[in-house]
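The values are calculated or read from the model by the stated rules, or taken from the named source; none is laboratory data. This is a predicted model, so every value here is computed, not measured. Cβ placement follows ideal geometry from the backbone for every residue including glycine, while neighbour counts extend to all protein chains displayed. Surface accessibility is based on the protein's heavy atoms, side chains included, excluding ligands, DNA and RNA. Shrake-Rupley method; radii C 1.70, N 1.55, O 1.52, S 1.80 Å.
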Amino acid sequence: MKRVFVNEKWCLGCHLCEYNCAFANSGETNMAKALKNVKIRPRIRVEEDGDAITFAVSCRHCSDPICIRSCISGALSRDETGTVCIDHDKCVGCRTCILVCPYGAISEDENGVIQKCELCVKNAAGSPACVAGCPNRAIIFEER
Amino acid sequence: MGINYIYPEFEVVRNDARCIRCRVCERQCSNQVHQYDKDLDLMISDESKCVNCKRCVSLCPTRALKVVKSDCLLRENANWSNDNINEVYKQAGSGGVLLSSMGNPKPFPVYWDKILINASQVTNPSIDPLREPMETKVFLGKKGSDIKHDENGKLITKLPPQLELSMPVMFSAMSYGSISYNAHESLARAATALGICYNTGEGGLHEDFYCYGPNTVVQVASGRFGVFKDYLEAGAAVEIKIGQGAKPGIGGHLPGTKIVGDISRTRMIPEGSDAISPAPHHDIYSIEDLRQLVFSLKEATEYKKPVIVKVAAVHNIAAIASGIARSGADIIAIDGYRGGTGAAPTRIRDNVGIPIELALASVDKRLRDEGIRNDVSLVVGGSIRSSSDVVKAIALGADACYIATAALLALGCHLCRTCHTGLCNWGIATQKPELVKRLNPDIGSERLINLMNAWRHEIKELMGGMGINSIEALRGNRLMLRGVGLNEKELEILGISHAGE
């Protein structure tokens, strides 16, 4: 399956991916309206160690996802393409998946249930907004 | 610190209704114009540091930013312009020579914009380049002027070494040091993919780029940085740089602070030492001396590579070019006064040299008159901005064009003209690793390839319109050009008629 990969060599640490992610998942059509005065909760996060290295991390969509195995309510599942998806109605907010994810790619949303990267398949962007908005092709969406 | 006489040239205008405080502008500005104030929850700007490179404007996700020219001007004066006055203030404060980057921005005439191209109507057919073959390939080098036969009466077809280009455009010299590793890689990869050449400039050739040798012109300039056997053998042609359009008669000075790591190794000079290119080559004080260097380089490369001699367009360019043609050079490159630079004294850049259009026309005519036009190919540069400039240059007599500013624009340059600060926000004219990485050569080379392919299409369209199906048939075909708004003398030098004639 096509996954989001990061090439830290080209990551500028500009954090645009985080804002593009938050906007894509906001349901709004105007970024300023969506993100003005909002503390964003992006599903991709830029890790940085000073100026030494920066790179963005999001769900790896593992082929044997430990988060799905740990989910007590059956809210996490893989769809037919292999994308690890979350059913917000089933999620009980136990946060077990947040604890087990080795990449730290799952977080809590503003309603107390979890959120994670779903490759923008469920939002208006249609394909990963972080990839489309990266100014230096440091984030790519491809089959490997 | 006393009185600050100069009001900032630009204003940073932020539409706060759109600003989402993502701080991309702050992170991306190497001049530290933007800053987030936590207490006020506001982005604040220090426009005195802004160079108007538009990096923040381009990356702002909500288009909340714009940079505009300040309207806080000095009292209007047709003689003492704001620039004149501010330059006096600067020099009165610093006591130093003013430095500038990129090409001459002054409002001198641009002859390309006063020349129009012909097209076929009724009496001769135009050609549709999408339906019929159209040749844009050129060979640069000496062409025999007469036909020779061997003892069996067979035609001798062996030509002196030629530089083969898929289209009549090359990326001109920009040294590794003046531009970044990633900018060089972008140029090298694009030139290879396009079947044209890029030029190392005078900073030597980084060991990683020897693999692009067949599409590389290696330069030998007055500093001789990084010149050795492997370097000369790596390139497809060797260029002796005598002068540069932006600063004729002036050498170069790359400060020691930029001579670090790979740049020091590639230039073969110690880290931290200033790289000073003398104004003249100290072994070339005459055409005879030039001939010695031309043939030294030919000997060193076993007569397998054409030798280019690059000069700036100056007042006696026709006589100089005639001398160069007789020195044994295969190709003459002429750089007009609008050519770019990584750093030049402002007064030199803005006041020395002549327009490339006039230089080209007079050199081509002089070489034809003297019967030595076939002994050399002519390459012209110094602000070739578009495919129509290329077509006009070819019709005026050039074999090919050198482009550099246009190539840098394709890589993201916004012509802010502050290369000499070394803080290029676009990762081009800088050696700071965190800035260099902003130019991903995958993107850079792709954009250069796009630009050249677009120009190639346009060149074919323009040629087709004239009913010409080969670029060689357009060379020196001045009947295809007409001037508008030019005086008799200008038309005479350009060797073209006025529109309507």
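Data for the structure
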item	result
One residue from A:E110, A:E142 being within 14 Å of chain B (Cβ to nearest Cβ) and among the charged types (D, E, K, R)	A:E142
Matching residues, region A:12-34, being open to solvent by 30 Å² or more (accessible area, probe 1.4 Å), facing another protein chain (nearest Cβ under 9 Å) and in a loop (DSSP other than H, G, I, E, B)	A:L12, A:N30
Yes/no for A:P65 being within 14 Å of chain B (Cβ to nearest Cβ), touching a Cys at 6+ places or on another chain (Cβ under 9 Å) and in contact (Cβ under 8 Å) with a residue 12 or more places away in the chain	no
Selection count where residues are at the interface with chain A (Cβ under 9 Å from one of its Cβ atoms), in contact with a strand residue (DSSP E or B) (Cβ under 9 Å, 6 or more places away or on another chain) and on the phi > 0 side of the Ramachandran plot, scope region B:18-65	2
Qualifying positions in region B:59-76 - open to solvent by less than 70 Å² (accessible area, probe 1.4 Å) and without any contact (Cβ under 8 Å) to a residue 60 or more places away in the chain	B:L59, B:C60, B:P61, B:T62, B:A64, B:L65, B:V67, B:V68, B:L74
Residue in region B:389-406 that is out of contact with any Lys or Arg (no Cβ under 6 Å at 6 or more places or on another chain) and surrounded by fewer than 19 Cβ atoms within 10 Å (Cβ to Cβ) present	no
Answer residue from region B:421-458, given it is of a type in the set (S, T, Y) and within 14 Å of chain A (Cβ to nearest Cβ) and is surrounded by the fewest Cβ atoms within 10 Å (Cβ to Cβ) among those	B:S445
Region B:15-43, residues that are closer than 22 Å to B:T418 by Cβ and either assigned to a loop (DSSP other than H, G, I, E, B) or open to solvent by 50 Å² or more (accessible area, probe 1.4 Å) (or both)	B:R27, B:C29, B:S30, B:N31, B:Q32, B:V33, B:Q35
Pairs with Cβ under 8 Å, 6+ apart, first in region B:164-186 and more than 30 Å from B:K460 (Cα to Cα), second in a strand (DSSP E or B) and open to solvent by less than 30 Å² (accessible area, probe 1.4 Å)	B:S175/B:Q219; B:S175/B:L254; B:G177/B:L254; B:G177/B:A275; B:S178/B:L254
Close pairs (7 angstrom Cβ cut-off, 6 or more residues apart or separate chains): of a type in the set (S, T, Y) in region B:231-251, assigned to a strand (DSSP E or B) anywhere	B:Y231/B:V218
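Residues checked against (1) in the same structural domain as B:A473 (by TED's automatic domain parsing); (2) within 18 Å of the chain's Cα centre (by Cα); (3) under 23 Å from B:G252 (Cα atoms):
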{"position": "B:T157", "(1), (2), (3)": "no, no, no"}
{"position": "B:S178", "(1), (2), (3)": "yes, yes, yes"}
{"position": "B:L187", "(1), (2), (3)": "yes, yes, yes"}
{"position": "B:A193", "(1), (2), (3)": "yes, no, no"}
{"position": "B:G201", "(1), (2), (3)": "yes, yes, yes"}
